[in-house]
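*Asks:* Mind looking over this structure? Questions follow.
The values are calculated or read from the model by the stated rules, or taken from the named source; none is laboratory data. These figures come from a predicted structure and were not determined experimentally. Note that each Cβ is placed from the backbone with ideal geometry, even for glycine, and that neighbours are counted across all protein chains shown. Only protein heavy atoms, including side chains, enter the accessible area calculation; ligands, DNA and RNA are left aside. Shrake-Rupley method; radii C 1.70, N 1.55, O 1.52, S 1.80 Å.
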Amino acid sequence: MAVVQAFPSGCAPTLKVGYETAPASVPVSGHDVLAVIGFGSHAAGADPREVVVPLDTLDGSVAPREVWRVEGEVSHGRDGDMAWSEGGGYLFLSMRVDESRHDGPEGAADYAYRRLLEGVRRHDYPHLLRAWNYLAAINEGDGDAERYRRFSIGRTRGMGAWPAERLPAATAIGHLVKDGDLFVYALAARRSAHPVENPRQVSAYRYPRQYGPVPPSFARAMRVDTQPPTLLISGTASVVGHATAHVGDAAAQSAETLRNLDTLVQTAGLGDRLRGRGACLKAYVRHREDAPVLRAVLDSAGLLPEQVVFLQGDICRSELLLEIDGSFSGA
Ligand code: 3EB
């Protein structure tokens, strides 16, 4: 008789992500919970697995929590200012950095990424899959003084000699808390995954000089060979080649963003487009009034309302009106 294996050989361990609706006051429960991401202005609880990102929903509703579950027992704790949780082949790390103690976004990002890389090494999860970054006033400052660019420089410096072909998928979004902290959290794994680039776009780590002194350190997506596979999708916007497409036109930016998402799903070999089943997305919208047009585009693509959380946030290029990130499992 065949031995029952926890995972078929050649597969990555189970990773589940989904939105769960429960009041913020209800603590995280379940030994299989690796991470819980809440959105809003409430404080995070004492559990090191919990992060609360200071972004509000566009309609004033309470955002559902994004819950990451693994197969197996999760242990968790804190190492100074970094929270960690690990189990089932995955590691989650999170930090909240006061920029004023690091001389601004550049120093704060440098510090945060040094700490994250220390964490992945110490816990021995060498494969960085996904990183999320939320910082205040992301578009403040002109040209290379823009806070996003300063953040990006610091991130690259903090990552040191990390090779481009091993960069994680990422998100960088502006939150609206004046002088608020830099929030950084990341998912790493024991087993390697596959970076996916978008053939419609120049890889971000090869962006030309006009977008800043150093190109941003991220992959467009990461395919994890769970069964079925999981695609961790970076912040995706109306960028074609390296240029912003459809400046000032939220409807056209929405459609272009969806084309980019569909292309990532196809390129990763997960089907011909991003369909409702298996999607868990966050839609970041700069101007509240642009939310309905984006929602209409996502609806017509077959995405279900409960699979998309709409958040008010600023995008890292000031001409970008909206951005979508998340995960997709299927095929
Ligand atoms: C773009 O496509 C939009 O700096 O981590 C998207 C996702 C963007 C992640 C990052 C930036 C980042 O260039 C910007």
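*Asks:* Looking at residue 165, is it open to solvent by 10 Å² or more (accessible area, probe 1.4 Å) and within 14 Å of the ligand (Cβ to nearest atom)?
*Replies:* Spelling it out, it is not the case that residue 165 is open to solvent by 10 Å² or more (accessible area, probe 1.4 Å) and within 14 Å of the ligand (Cβ to nearest atom).
*Asks:* Follow-up question, since we're still on this one. Among the residues of the range 242-259, how many are surrounded by 19 or more Cβ atoms within 10 Å (Cβ to Cβ), among the aliphatic types (A, V, I, L, M) and more than 11 Å from residue 301 (Cβ to Cβ)?
*Replies:* Selection size over the range 242-259: 2.
*Asks:* Now, a different point. Considering the range 248-269 alone, what residues qualify as being in a loop (DSSP other than H, G, I, E, B) and either farther than 16 Å from residue 291 by Cα or under 20 Å from the mean Cα position of the chain (by Cα) (or both)?
*Replies:* Of everything in the range 248-269, those that are in a loop (DSSP other than H, G, I, E, B) and either farther than 16 Å from residue 291 by Cα or under 20 Å from the mean Cα position of the chain (by Cα) (or both) turn out to be 268, 269.
*Asks:* Of (1) farther than 23 Å from residue 119 by Cα; (2) in contact with a His (Cβ under 9 Å, 6 or more places away or on another chain); (3) open to solvent by 60 Å² or more (accessible area, probe 1.4 Å), residue 190 satisfies all except one. Which?
*Replies:* The single condition residue 190 does not satisfy is (1).
*Asks:* So, one more: Scan the range 185-199 and give yes if some residue there is out of contact with any Lys or Arg (no Cβ under 6 Å at 6 or more places or on another chain), modelled with pLDDT of 95 or more, over 29 Å from residue 70 (Cα atoms) and more than 10 Å from the ligand (Cβ to nearest atom), otherwise no.
*Replies:* yes
*Asks:* While we're looking at this one, here's another question. Might you let me know whether the range 105-114 holds any residue that is closer than 30 Å to residue 139 by Cβ, among the hydroxyl-bearing types (Ser, Thr, Tyr) and part of a loop (DSSP other than H, G, I, E, B)?
*Replies:* Here is the first cut: in the range 105-114, the residues closer than 30 Å to residue 139 by Cβ are 105-114.
If we keep only those that are among the hydroxyl-bearing types (Ser, Thr, Tyr) as well, we get 111, 113.
Still in the list and also part of a loop (DSSP other than H, G, I, E, B): none.
Taking every residue of the range 105-114 in turn, none turns out to be closer than 30 Å to residue 139 by Cβ, among the hydroxyl-bearing types (Ser, Thr, Tyr) and part of a loop (DSSP other than H, G, I, E, B).
*Asks:* Would you check which residues across the range 297-309 are in contact (Cβ under 8 Å) with a residue 40 or more places away in the chain, open to solvent by 20 Å² or more (accessible area, probe 1.4 Å) and of a type outside the set (Val, Ile, Thr) and list them?
*Replies:* Taking the range 297-309 and keeping what is in contact (Cβ under 8 Å) with a residue 40 or more places away in the chain, we get 297-298, 301, 306-307, 309.
Then keep just the ones that are open to solvent by 20 Å² or more (accessible area, probe 1.4 Å); that gives 297, 306-307.
Correct list: 306, 307.
*Asks:* Also: Residues of the range 130-161 being within 14 Å of the ligand (Cβ to nearest atom), more than 18 Å from residue 284 (Cβ to Cβ) and among the hydrophobic types (A, V, I, L, M, F, W, C), which ones?
*Replies:* The answer is 153, 159.
*Asks:* If we scan the range 274-295, do we find a residue that is within 13 Å of the ligand (Cβ to nearest atom), charged (D, E, K, R) and touching a residue at least 40 places away in the same chain (Cβ under 8 Å)?
*Replies:* yes
*Asks:* Please determine whether any residue of the range 53-75 is among the β-branched types (Val, Ile, Thr) and open to solvent by 50 Å² or more (accessible area, probe 1.4 Å). Step through it out loud before you land on a result.
*Replies:* Pass one, the range 53-75, residues among the β-branched types (Val, Ile, Thr): 53, 57, 62, 67, 70, 74.
Add one more test, that the residue is open to solvent by 50 Å² or more (accessible area, probe 1.4 Å), and what stays is 62.
Checked against the condition, which is being among the β-branched types (Val, Ile, Thr) and open to solvent by 50 Å² or more (accessible area, probe 1.4 Å), the range 53-75 yields at least one hit.
*Asks:* If a residue has to be under 20 Å from residue 245 (Cα atoms) and either away from the ligand (no atom under 14 Å from the Cβ) or in a loop (DSSP other than H, G, I, E, B) (or both) to count, how many in the range 302-331 make the cut?
*Replies:* Initial filter on the range 302-331 (under 20 Å from residue 245 (Cα atoms)): 313-325.
Subsequent filtering for residues that are either away from the ligand (no atom under 14 Å from the Cβ) or in a loop (DSSP other than H, G, I, E, B) (or both) retains 313, 316-321.
Total satisfying the criteria: 7.
*Asks:* Also: Look through 83, 109 and report the one residue that is within 16 Å of the ligand (Cβ to nearest atom), among the aliphatic types (A, V, I, L, M) and at pLDDT 95 or above. Walk me through how you get there before you give the answer.
*Replies:* Working: 83 fails: within 16 Å of the ligand (Cβ to nearest atom).
On inspection, the qualifying residue turns out to be 109.
*Asks:* Now for a separate question. Of all residues in the range 200-256 being of a type in the set (Asp, Glu) and touching a strand residue (DSSP E or B) at 6+ places or on another chain (Cβ under 9 Å), which is nearest to the ligand (Cβ to nearest atom)?
*Replies:* 256
*Asks:* Yes or no: the range 127-144 includes at least one residue that is farther than 22 Å from residue 224 by Cβ, surrounded by fewer than 18 Cβ atoms within 10 Å (Cβ to Cβ) and among the hydrophobic types (A, V, I, L, M, F, W, C).
*Replies:* No: the range 127-144 contains no residue that is farther than 22 Å from residue 224 by Cβ, surrounded by fewer than 18 Cβ atoms within 10 Å (Cβ to Cβ) and among the hydrophobic types (A, V, I, L, M, F, W, C).
*Asks:* Within the range 92-126, how many residues turn out to be open to solvent by less than 20 Å² (accessible area, probe 1.4 Å), under 21 Å from residue 222 (Cα atoms) and not aliphatic (A, V, I, L, M)?
*Replies:* Selection size over the range 92-126: 5.
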